[in-house]
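Undergrad: Structure in structure tokens, see below.
The values are calculated or read from the model by the stated rules, or taken from the named source; none is laboratory data. Quick caveat, the model's predicted, so the values are computed rather than measured. Note: ideal-geometry Cβ built from the backbone for every residue, glycine included; neighbour counts use all protein chains shown. In case anyone asks, the SASA skips ligands and DNA or RNA and just uses the protein heavy atoms, side chains included. Shrake-Rupley method; radii C 1.70, N 1.55, O 1.52, S 1.80 Å.
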Amino acid sequence: MTTATAPAALAAFDLSLSEDQLLVQKTARDWAQERLLPLAAEIDEKGAVPRELVKEMAELGFMGIDVPERWGGAGSDAVSYVLVMEEVNRACASTGVILGSHVSLACAPLLRYGTDAQKERFLAPLARGEKLGCFALSEPASGSDAAAMRTSARRQGDAWILNGTKNFITNGAFADVAIVFAQADAAKKHHGIVAFVVEKGAAGFTVGKLEKKLGIRGSDTAQLHFADCRVPDAQRLGAEGEGFKVALASLDGGRVGIAAQAVGIARACLEDSLAYAKERQAFGKPIAELQAIQAKLADMATEVDAARLLVWRAAALRDRGETYGPEAAMAKLFASDVAVRAARECVQIFGGYGYLRDFPAERHYRDAKITEIYEGTSEIMQLVIAEDMLGEPDQ
Ligand code: CAA
């Protein structure tokens, strides 16, 4: 039987939060509601998250939430990470993706695959939030089929020469450190891929075009160019040929984070809809008293809770040191679908006002969609879940 569907994986989950986790949740909720939420519309409008907010998240320990204190982090766990992600994204999904990419896709691979020297030099400043990280896997011609990357790595003495272009890189424009994947031996297909840690300012490494996006407009999405960029072998992350594994293992964690982001966005839709429905009068009473609206609110509340439970399960499995890839995929597949549906209903409940930029509903609608696309599309999530159930096809 498979990991994701075996009864054992579904049973005996203690879903109560520890005192530490509750404290993390409260800290994140208070900060997000008081500090971030009032700025969310402006962040979207201006297309930038103030650096000050990232600094504040660092001071609260969020930027290295699940990194051990030894390496500059807050020493919490993956459950704490998803609690923070839900709260931050409930307030502002642009800020949420900056945090998520940094924690899951830059800090996590360094923690798991880095040498002590790499952790000291790269992970600790990232986990303290002094530096910002990004994850450079996708390319103009390879997204879902990540192994088809064309960026090349050529060995030259004790270094590697990188050439190619990376696409859709969250935090790409401002990151100080990039986890970069390149093909060193195309004949070996995914076994030829190598991961590297590349610093901003490395000769031959430049930031290219900044994308204009439908949603999460306050986060930057950039192209990165590598032109004869020399990276010392000491900055290779993991073994030669192990890069694809580094990427997919990191994405398992990233997908739990994006699922938590989707829960945060869906919760924003629910809470905003609820508040509006209690205020808005139609047919002589608040629309919250109309059964058509109540049914929408009830479905949203049920789906938000169900999505959150899947997210917590995936995070708890990660904390237990168990495999959690299929559970992460289930959480992301379901939660992103919930977020998109909740956003659609939120706009509908707000009616004409839902279509205006003066109200948050249309922002949620635009922000929700990306959760079905980045860090693995919904179709790739279905593939991961199905492969886990069916096993490898017979050769
Ligand atoms: N962890 C570690 N290793 C894994 C793994 C995992 N979760 N899943 C698979 N692998 C290993 C396999 O064991 C296999 O290794 P061996 O050959 O040594 O046995 C190897 O990876 C290849 O596995 P598959 O044959 O299953 O690989 P595939 O080429 O068929 O692709 C895929 C699998 C699921 C489609 C994968 O390519 C995938 O997840 N694609 C989506 C990529 C993605 O999510 N991109 C988003 C980029 S990040 C982003 O969005 C930008 C941002 O900044 C936010």
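Undergrad: Just 243, 143, 264 to compare: in a GNM of the chain, with alpha carbon springs under 10 Å, which one fluctuates most?
TA: 143
Undergrad: Once you list every other residue whose beta carbon is under 13 Å from the beta carbon of residue 229, what net charge do they have if Lys and Arg are +1 and Asp and Glu are -1? Before the final figure, lay out each step's value.
TA: Details: positive: 154, 166, 200, 230; negative: 199, 228.
Here the count lands on +2.
Undergrad: Pick from 383, 310, 237 the residue whose mean-square fluctuation is largest in a GNM of the chain, springs joining Cα atoms under 10 Å.
TA: Residue with maximal mean-square fluctuation among 383, 310, 237: 383.
Undergrad: Another question about this same structure. Report the semi-axes of the equivalent ellipsoid for region 196-344 in whole Å, largest first, where each axis is √(5λ) for an eigenvalue λ of the Cα gyration tensor.
TA: Working: eigenvalues 353, 94, 16 Å².
The three semi-axes for region 196-344 are 42, 22, 9 Å.
Undergrad: Charges at C-beta only: +1 for Lys and Arg, -1 for Asp and Glu. How large is the resulting dipole of region 134-244 about its Cα centre, in Debye rounded to 20?
TA: Working: 13 positive and 12 negative charges, 66 e Å.
Roughly 320 debye for region 134-244.
Undergrad: Rounded to the nearest 10 Å², what accessible area does residue 134 have for a 1.4 Å probe in the complete protein model?
TA: That residue has around 0 Å² of solvent-accessible surface.
Undergrad: Something else about it: Can you list the lysines whose alpha carbon sits under 18 Å from that of residue 131, skipping same-chain ones fewer than 8 residues off?
TA: In chain and number order, the partners are 55, 119, 200.
Undergrad: With a probe of 1.4 Å, find how much accessible area region 3-132 has per residue, and write the answer as a whole number in Å². Let's see the in-between values first.
TA: Details: 5430 Å² over 130 residues.
Each residue of region 3-132 exposes 42 Å² on average to a 1.4 Å probe.
Undergrad: Here's another thing I want to ask about it. Report in % the part of the accessible area of region 3-132 that belongs to carbon and sulfur, leaving out ligands and nucleic acids; probe 1.4 Å.
TA: On the way: 2850 of 5430 Å².
Reported share for carbon and sulfur atoms: 53 percent.
Undergrad: Now a separate question. Calculate the radius of gyration of the Cα atoms of region 336-394 to one decimal place, then report Dmax, the largest Cα-Cα distance, as a whole number, both in Å.
TA: 16.1, 56
Undergrad: Could you tell me how many degrees, from 0 to 90 and to the nearest 10, lie between the Cα long axis of helix 19-31 and the main elongation axis, the longest principal axis, of the Cα atoms of the chain?
TA: Once rounded, one gets 70 degrees.
Undergrad: Cα-Cα pairs above 35 Å in the chain: how many percent? Provide the component values of the computation, followed by the final result.
TA: Working: 19226 of 77815 pairs.
More than 35 Å apart: 25 percent of the Cα pairs in the chain.
Undergrad: Can I ask one more? Quick check: at a probe of 1.4 Å, how many percent of the accessible area of region 156-215 sits on carbon and sulfur atoms?
TA: Details: 1560 of 2700 Å².
Within region 156-215, the accessible surface is 58 percent carbon and sulfur.
Undergrad: Rounded to the nearest whole Å³, what is the per residue volume of the convex hull around the Cα atoms of region 212-276? Intermediate results must be reported in sequence, preceding the final value.
TA: Numbers: hull volume 8.8 nm³, N = 65.
Enclosed volume per residue, from the Cα hull, is 135 Å³.
Undergrad: According to the Kirkwood expression over distinct Cα-Cα pairs, how big is the hydrodynamic radius of region 3-132, in Å?
TA: Details: mean 1/r = 0.0647 Å⁻¹.
Hydrodynamic radius (Kirkwood, Cα only) of region 3-132 equals 15.5 Å.
Undergrad: Work out how much length residue 285 to residue 147 would gain on full extension: take 0.36 nm times their residue separation and subtract the Cα-Cα distance, in nm to one decimal. Write down the numbers at each step before the final one.
TA: Numbers: separation 138, 0.36 × 138 = 49.68 nm, distance 5.71 nm.
Result for the pair: 44.0 nm of gain on full extension.
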